[in-house]
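Here is the structure we will look at.
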Amino acid sequence: MILNAAIVLVSALVGAVLMLPRVAGARIWRATVTPLASIIGSGFLVLGPILDTHFGIWAPAVMAALCGVAYAYGAAVRYNIAWLDGTGIRDQLDLRLEQLGSLALAFAYFVSVAYYLNLLGAFAVSLTDLGPEQGRVVTSGVFLLILLVGWTRGFGALERLEEVSVGVKLAIIAGLLFALGWRFVTQATTGALVLHMPDIVGWQAVTLVFGLLVTVQGFEISRYMGAEYDAGTRIRSMRYAQWLSSAIYMLYILFLTFLYLPGQGELSETSIIAFTALVAPILPILLIAAALSAQFSAAVADTGGAGGLVAEVSGGRVPARAVYALLAGAGLTMTWGMSVFEIITYASRAFAFYYALQSMLAARRAYAADDGRRVALFAALSALGIAIMVFGASVE
């Protein structure tokens, strides 16, 4: 009971701080909220058991590698933001690559929305006797709801939920980290920390990490917030979002690595719920609330983003409403034809292609600026993106 009360208190205090006018109203925080929500909503809850189960004591190192790769791709996107703010589009190839990048991101959104909503469905039924099929029914219903809203009223009203959902999610994550830290200290003082070796190594491990890229993406949304914020604000906000999300991810994985013992339950997208019930009875309820709000808001944002990108690239010839219908159709197909882990892999591949294009653009621009060091870095990142797209493997 004491731990439950402490978790609620920590969550409430963090939530109260985030609601303070000086915090919520700060321009740089508002600019940071959107990419931060996308990054943490991309796979925070599902990632922990996956890394711990397959990588054991090396899970924190793998998490650090994922965060490092994401930050490097963020550097390429930030370089492009600064370039477009200064030099702008140089030639036809530059323009075509930008358009291809927008289409690639729109396609990535198609897959990521399916990923978000399948997680939503799985978490929605995780504390009931309902099975995966009923979770898919929930997912299908939300797809149809989003399609209906997009077709009839637009996403303006729903998008306003983002700031609230981000605050709730961060407050609950603070409570989760506090609870895991409490459990970690308790088990460390009694010599009861869990240590286990990875169950995959070599190339198999590398391809699995490739398939998890989507769990740390989301920072790229800053690239498309030019109507609201200047380039300098977007660059700083992306950095802040990646720093804060990386710190959260690292603490989470570090605690979980020495607390979670594989075999305590079947590995699934909702494994974290069963484990946290052993830490504190209140955690599963809080995490499900966070998951539902986070996945829904992320899905709405990406659906709107996909529609806007395709409409922009096509010069308005393909209206946003048609994109919403295509996205819902593709999402329903994936929902009933793939597992969540398979969708994660395809989403990772789609984002890897987008990051490869952004890195290629950054390399060309660095070459034009006679910046050989950045040319080498961005060219290597582009090649890595292609490798991730080709070789990324599913958890299953």
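Any residue that is farther than 25 Å from Val125 by Cα and at pLDDT below 90 - is there at least one of those in the range 328-342?
We begin by selecting, within the range 328-342, every residue farther than 25 Å from Val125 by Cα; these are none.
No: the range 328-342 contains no residue that is farther than 25 Å from Val125 by Cα and at pLDDT below 90.
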Filtered residues of the range 1-44 (kept if surrounded by 15 or more Cβ atoms within 10 Å (Cβ to Cβ) and without any contact (Cβ under 8 Å) to a residue 24 or more places away in the chain): Val17, Trp29
From the options Tyr79, Tyr73, residue that is in contact (Cβ under 8 Å) with a residue 40 or more places away in the chain, surrounded by 22 or more Cβ atoms within 10 Å (Cβ to Cβ) and more than 16 Å from the chain's Cα centre (by Cα): Tyr79
Residues of the range 234-261 that turn out to be surrounded by 22 or more Cβ atoms within 10 Å (Cβ to Cβ), over 15 Å from Phe55 (Cβ atoms) and not hydrophobic (A, V, I, L, M, F, W, C), as a count: 4
Among (1) in contact (Cβ under 8 Å) with a residue 60 or more places away in the chain; (2) in a helix (DSSP H, G or I); (3) surrounded by fewer than 22 Cβ atoms within 10 Å (Cβ to Cβ), the one test that Leu127 misses: (2)
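So for the range 238-254 (the condition being among the small types (Gly, Ala, Ser) and at pLDDT below 90), does at least one residue qualify?
Kept after step one, since they are among the small types (Gly, Ala, Ser), are these residues of the range 238-254: 241, 245-247.
Remaining after also requiring at pLDDT below 90: none.
No: the range 238-254 contains no residue that is among the small types (Gly, Ala, Ser) and at pLDDT below 90.
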Test: Val149 is farther than 29 Å from Val8 by Cα and modelled with pLDDT of 90 or more: no
Single match in Ile50, Ile57, Ile81 (criterion: in contact with a His (Cβ under 9 Å, 6 or more places away or on another chain) and not aromatic (Phe, Trp, Tyr)): Ile57
Pairs where the first residue, in the range 229-250, is outside any helix (DSSP H, G or I) and the second is buried (at least 17 other Cβ atoms within 10 Å of the Cβ), C-beta under 6 Å, 6+ apart: Tyr229/Ala31
Residue in the range 364-396 that is surrounded by the most Cβ atoms within 10 Å (Cβ to Cβ), counting only those that are charged (D, E, K, R) and part of a helix (DSSP H, G or I): Arg365
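Go through the range 211-233 and give me each residue that's open to solvent by less than 30 Å² (accessible area, probe 1.4 Å) and either at positive phi or under 19 Å from the mean Cα position of the chain (by Cα) (or both). Spell out the reasoning first.
Taking the range 211-233 as the starting set, the residues that turn out to be open to solvent by less than 30 Å² (accessible area, probe 1.4 Å) are 211-220, 222, 225, 229, 231, 233.
Within the range 211-233, Gly211, Leu212, Leu213, Val214, Thr215, Val216, Gln217, Gly218, Phe219, Glu220, Ser222, Met225 qualify.
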Where a residue in the range 352-363 is open to solvent by less than 10 Å² (accessible area, probe 1.4 Å) and its partner, wherever it lies, is outside any helix (DSSP H, G or I), with Cβ under 7 Å and at least six apart: Ala352/Gly392
Subset tally (residues that are open to solvent by 20 Å² or more (accessible area, probe 1.4 Å), of a type in the set (Ser, Thr, Tyr) and closer than 23 Å to Val340 by Cα) for the range 176-210: 0
Which listed residue is more than 18 Å from Thr345 (Cβ to Cβ), part of a helix (DSSP H, G or I), within 19 Å of the chain's Cα centre (by Cα) and in contact (Cβ under 8 Å) with a residue 60 or more places away in the chain, from Leu119, Leu208, Leu144, Leu176: Leu176
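For every residue, the table says whether it meets (1) in contact with a Gly (Cβ under 9 Å, 6 or more places away or on another chain); (2) farther than 24 Å from Glu342 by Cα.
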site	(1), (2)
Leu66	no, no
Leu84	yes, yes
Gly101	no, no
Ala104	no, no
Ala108	no, no
Asn118	yes, no
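Quick check on my filter: what residues within the range 82-103 are basic (Lys, Arg) and either crowded, with 17+ Cβ neighbours inside 10 Å or outside any helix (DSSP H, G or I) (or both)?
The answer is Arg90, and nothing else.
The values are calculated or read from the model by the stated rules, or taken from the named source; none is laboratory data. Since the model is a prediction, treat every value here as computed from it, not as a measurement. We place every Cβ from the backbone using ideal geometry, glycine too, and count neighbours over all the protein chains shown. Side chains included, ligands, DNA and RNA excluded: accessible areas come from the protein's heavy atoms. Shrake-Rupley method; radii C 1.70, N 1.55, O 1.52, S 1.80 Å.
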